[in-house]
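Just so you know, all these numbers are worked out from the coordinates, no wet-lab data involved. Since the model is a prediction, treat every value here as computed from it, not as a measurement. Please note: Cβ atoms are built from the backbone with ideal geometry, for glycine as well, and neighbour counts cover all protein chains shown.
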Amino acid sequence: MPPESEVQIPTSTVTAQALSIALEHPLVVDLSVSCQDYAQHQLDERSPDYRLGIILSNLLKYGVWLATAIVLLGGILYLVRHGMEPVNYHIFQGEPDMFRSPAGVIDAVLSGRRRGIVQLGLLFLIATPVLRVLVSFIFFIKQRDIPYVVITGLVISGLLYSLLGAYF
């Protein structure tokens, strides 16, 4: 009898096992691995890649929820105060200067402006994926994975330049 590693497993069994693993752990699906290799792959919840996936998943999930809650709160407060005012669509008025920079948005929130709260929620929404790339960058530095450090470094520098380049 051959050793366990050489035992042939029917393809239907492998596919069913791979599907059950993918459904239980959607963060570890790797499309470059065949079904048979994937079914035999044991999930190691202590692996750094698995932990990074969980961290990034939670970061994105809770970041979007926080941003949504802040925008919703600001929108409700804004409508309570200004909901019955008539709107004049014949004259275009751009965004006030205080809402054109992160510092201005924070000043508006601290002064109690409801539109500032909505803008703050939108800033959180923009900052969430940027923070995701930053966390990935730090993770890859700790893992000493040079190709990914270079790639995420380029991505984070492009993101920061596009967000902050107008202020410098």
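Select from region 73-152 those chymotrypsin sites (Phe, Trp or Tyr not before Pro) which occupy a DSSP coil region and have at most 14 other Cβ atoms within 10 Å, ordered by residue number.
Y89, F92
When L134, L120, L72 are sorted by how many other C-beta atoms sit within 10 angstrom of their C-beta, beginning with the fewest, the order is L72, L134, L120. Neighbour counting of Cβ atoms within 10 Å sorts the residues S157, S111, fewest neighbours leading, into S111, S157. Using the Cα coordinates of region 111-155, the gyration tensor eigenvalues translate into equivalent-ellipsoid semi-axes of 33, 8, 6 Å, sorted from longest to shortest.
If the chain linking Y167 and L60 were pulled fully straight, counting 0.36 nm for each residue of separation and taking away their Cα-Cα distance, it would gain 35.9 nm.
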